[in-house]
Amino acid sequence: MTLYINACVRKNSRTNELARFVLAKHADADIQEVNLQDEQILPLDEKTLRFRDDCISCGDFSDPIFSYARQFAQADEIVIAAPYWDLLFPASLRAYIERVCVVGVTFAYTETGVPKSLCKAKRLTYVTTAGGFIGERHLGFDYIQAVATQFFGIRDVSMVKAEGLDIAGADVNAILERARNLEK
């Protein structure tokens, strides 16, 4: 199963368009999409954290609060589509990651306190587009890569990006086509 985490906000999102191209390479796979705009996931607050921690301490992961983490742990491959916003990504993706980082579902701690993956996925592709230029430092991708490798044990983490899309005179179609060609 390929898990598609869609953090795109706009109806005609260029990021979503590029991600759909990446997903087309998995045409024979079971693709499950989590559209974060539809899900309306709230950030964790004290009450929710207390409830979640109580469930974790009892080893009971049956509550719907763990549904995203269970789905994430079972994915064979993960594709995340997130536009480049304010050096990062939309807040909905951060709220989703909070729901996915669950001790006992997506990772566990070893006796020495090192996270050990409980996820099946071996590959994660992060797809993004930017109106300006991202350059060498992409805090959103850096964060996703760190969480994927350190908590989820996903070693093959890559980024597909198209940038400079809103610069005056930019050939948007050519920029997107170059990104597609790099992904092939």
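The values are calculated or read from the model by the stated rules, or taken from the named source; none is laboratory data. Here the structure is a predicted model, which is why all the values come from computation and not from measurement. So basically every Cβ, Gly included, is an ideal-geometry build from the backbone, and we count neighbours across all protein chains shown. Ligands, DNA and RNA are stripped out before the accessible areas are found, and what is left, the full protein with its side chains, is counted by its heavy atoms. Shrake-Rupley method; radii C 1.70, N 1.55, O 1.52, S 1.80 Å.
Would you pull out the residues with amide H under 5 Å of L118's amide H, same chain only if 5 or more places away, H placed 1.01 Å from N?
Answer set, sorted by chain and number: F107, A108.
Give me the accessible area of R180, 1.4 Å probe, in Å² rounded to the nearest 10.
40 Å²
Testing the spin-label approximation: label points 7 Å from Cα along Cα→Cβ at Q37 and A168. State their distance in nm.
Label-label distance for Q37 and A168, simple model: 2.9 nm.
Express the accessible area of the range 31-184 per residue in Å², computed with a 1.4 Å probe while the remaining protein chains stay in the model. Could the numbers behind the result be given before it?
Values: 8090 Å² over 154 residues.
It amounts to 53 Å² per residue over the range 31-184.
Which of the peptides 14-26, 69-81, 164-176, 33-45 is most tightly packed, and how do the rest follow, going by the mean number of other Cβ atoms within 10 Å of each residue? Please report the intermediate quantities before stating the final value.
Working: 14-26: 19.1, 69-81: 21.4, 164-176: 12.2, 33-45: 14.0.
The packing order, highest mean first, is 69-81, 14-26, 33-45, 164-176.
Which percent of the accessible area of the chain is formed by carbon and sulfur heavy atoms (probe 1.4 angstrom)? Show your work: numbers first, answer last.
On the way: 4940 of 9650 Å².
Reported share for carbon and sulfur atoms: 51 percent.
From the alpha carbon gyration tensor of the chain, can you work out the equivalent ellipsoid semi-axes (sqrt of 5 times each eigenvalue) and give them in Å, largest to smallest? Walk me through the numbers on the way to the answer.
Details: eigenvalues 186, 56, 47 Å².
Each semi-axis is the square root of five times an eigenvalue, giving 30, 17, 15 Å.
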